[in-house]
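The values are calculated or read from the model by the stated rules, or taken from the named source; none is laboratory data. Values in this document were obtained by computation on a predicted structure and should not be read as measured data. Note that we place each Cβ from the backbone using ideal geometry, even for glycine, and neighbour counts take in every protein chain shown.
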Amino acid sequence: MNTECNVYKKCSGCQLLNMTYEEQLKWKQIKVERLMGCFKKVNRIIGMENPYHYRNKVQTLFREAKSGKIVSGVYQSATNGIVAVESCLLNNKRADRIAIAVKTVAKRLDIKIYNPKTGEGFLKNTLVRTAHNTGENMLVLVTANEKFPKKEQFVSELLKLYPKITTIVQNINTSPNKMMLGSKEVVLYGKGKIQDILCGCKFNISPRSFYQVNPVQTEKLYNKAIEMAQLTGKEFVLDAYCGTGTIGLIASKYAKQVVGVELNAQAIKDAKENAELNKRNNVSFFTKDAGQFLDELTQDEVAPPDVLFVDPPRAGCNRLFLNSVVKISPSRIVYISCNPTTQQRDVMFLTERGYHVEEIQPVDMFPHTNHVETVCLLSKVSK
Ligand code: SAH
């Protein structure tokens, strides 16, 4: 039993904290084996050497207690309250320290904490994003309205207290929604974004861009995915569900051409910026439903992709997508999934239509939680 956290029963963020880390890995291994073991022997899960403080994105909620003290922590839907947490086993330590610094300065300058019951007050919550490989730190202050009392003083006192903050952004969220960010942002200090390096590529991260939360394990996952793709520099690669283009951009160093497709327009904007940042000119990105994009590819005269990366959300891929994959018939498919149940369903579909599972590799991206990520290599059965 891991007793290092005294709020784990209330917080419900870490479902497996009652097991040792070794037991957790075994639990996840069995979970993947039960679902994916019918295709091939499952590799041993890649665990984390130091499975703590890995989260590079931390949201902290503030409330004022009756005593006037500011309490910070995580939202609890069951009580519509917050569980007080100042230092979480999962969070990057710099991120937790920054949230405490915000609390200290808010108290000192008498900045009012937002009260969801009355709708009064100013400061709602913070989002801190840290870059693992560059050490940059972004603080987003989520406020109920735009008029920031003692703004300059707040920023300068905060930087004095925690000089490692690289940029500070004010996000205005007028809706009563608990942890969500609003659409309006004002940069108060620095560039308004941070940069991280993943598998040798640079990535800009702004307050709302999607970026994997465990950078140490993401590198292991992506390295495994790239290894499975067996790129020689000659291939046309398609990165489906590409997000901000991370996998495609990393793969582009070893491929002839990469095309990424993703539904979220903002993520594609970030992906294009990231391509420029890394001076990659053999990559292009498109905003579209992945199934529709592939379906159109089957009707085009263009040469089909040799290698396909697939990294869908929990729901997995739809029939249009899978049918188009079978029509396009890439030599190799590298399927990354955060949900082995839908991955099993989709892989079954492909194995019944000319594909063979070569390798299955689970990776522990979220230690202490019940989530497990799996990357699976499929190749076309030669006729
Ligand atoms: N490959 C990326 C992101 C994976 S998350 C990475 O490793 O960082 C899954 C992504 O699929 C999300 O960015 C989501 O916006 C996108 N998505 C969801 N439904 C989609 C669809 N129907 N077509 C294309 N992309 C979709």
Exercise. Got a number for residues in segment 291-311 being out of contact with any Lys or Arg (no Cβ under 8 Å at 6 or more places or on another chain) and within 19 Å of residue 222 (Cβ to Cβ)?
Worked result: 4
For this session: Return a yes/no flag: does segment 181-194 have any residue that is crowded, with 20+ Cβ neighbours inside 10 Å and more than 30 Å from residue 222 (Cα to Cα).
Result: no
Exercise. Could you list, in sequence order, the residues of segment 61-75 that are surrounded by fewer than 17 Cβ atoms within 10 Å (Cβ to Cβ) and among the polar types (S, T, N, Q)?
Worked result: 67
Problem set entry | Total residues in segment 343-374, condition part of a helix (DSSP H, G or I) and farther than 30 Å from residue 302 by Cα | 1
Exercise. Can we say residue 284 is polar (S, T, N, Q), within 28 Å of residue 233 (Cβ to Cβ), part of a strand (DSSP E or B) and more than 19 Å from the chain's Cα centre (by Cα)?
Worked result: yes
Seminar exercise, completed: When restricted to 359, 296, 352, 301, the only residue acidic (Asp, Glu) and in contact (Cβ under 8 Å) with a residue 24 or more places away in the chain is 359
Exercise. Across segment 200-219, what is the total count of residues that are within 13 Å of the ligand (Cβ to nearest atom) and not hydrophobic (A, V, I, L, M, F, W, C)?
Worked result: 9
Problem set entry | Residue within segment 266-274 that is within 12 Å of the ligand (Cβ to nearest atom), in a loop (DSSP other than H, G, I, E, B) and out of contact with any helix residue (DSSP H, G or I) (no Cβ under 7 Å at 6 or more places or on another chain) present | no
Exercise. Would a scan of segment 283-292 turn up a residue that is more than 20 Å from residue 209 (Cα to Cα) and at pLDDT 95 or above?
Worked result: yes
Exercise. Cβ-Cβ below 6 Å, separation at least six or inter-chain, first residue in segment 312-324 and free of Cβ contacts under 8 Å to residues at least 60 places away in the same chain and on the phi > 0 side of the Ramachandran plot, second more than 10 Å from the ligand (Cβ to nearest atom) and β-branched (Val, Ile, Thr): which pairs?
Worked result: 316/342
For this session: Mind telling me which of the residues 187, 216, 237 ends up being under 13 Å from the mean Cα position of the chain (by Cα), modelled with pLDDT of 95 or more and aliphatic (A, V, I, L, M)?
Result: 216
Problem set entry | From the options 26, 31, 40, 10, residue that is without any contact (Cβ under 8 Å) to a residue 40 or more places away in the chain and either part of a helix (DSSP H, G or I) or farther than 27 Å from residue 205 by Cβ (or both) | 26
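What is the residue count in segment 298-313 for residues that are surrounded by fewer than 19 Cβ atoms within 10 Å (Cβ to Cβ) and either more than 28 Å from residue 227 (Cβ to Cβ) or more than 9 Å from the ligand (Cβ to nearest atom) (or both)?
Of segment 298-313, the ones surrounded by fewer than 19 Cβ atoms within 10 Å (Cβ to Cβ) are 298-304, 313.
Restricting the remaining residues to those that are either more than 28 Å from residue 227 (Cβ to Cβ) or more than 9 Å from the ligand (Cβ to nearest atom) (or both) gives 298-304.
The qualifying residues number 7.
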Problem set entry | Scan of segment 313-336 for residues that are farther than 14 Å from residue 354 by Cβ and not polar (S, T, N, Q), ordered by number | 313, 314, 315, 316, 317, 319, 320, 321, 334, 335, 336
For this session: State whether the residues of segment 62-82 include one that is hydroxyl-bearing (Ser, Thr, Tyr) and part of a strand (DSSP E or B).
Result: yes
Exercise. Given the residues 28, 93, 107, which is the only one that is among the charged types (D, E, K, R), within 27 Å of residue 171 (Cβ to Cβ) and within 20 Å of the chain's Cα centre (by Cα)?
Worked result: 93
Problem set entry | Residues within segment 222-247 that are within 8 Å of the ligand (Cβ to nearest atom), touching a residue at least 40 places away in the same chain (Cβ under 8 Å) and part of a helix (DSSP H, G or I), tallied | 2
For this session: Only residues that are in contact with a helix residue (DSSP H, G or I) (Cβ under 7 Å, 6 or more places away or on another chain) and either surrounded by fewer than 18 Cβ atoms within 10 Å (Cβ to Cβ) or closer than 16 Å to residue 368 by Cβ (or both): list them for segment 18-38, please.
Result: 19, 31
Exercise. Could we say that residue 326 is part of a loop (DSSP other than H, G, I, E, B), over 27 Å from the mean Cα position of the chain (by Cα) and aliphatic (A, V, I, L, M) here?
Worked result: no
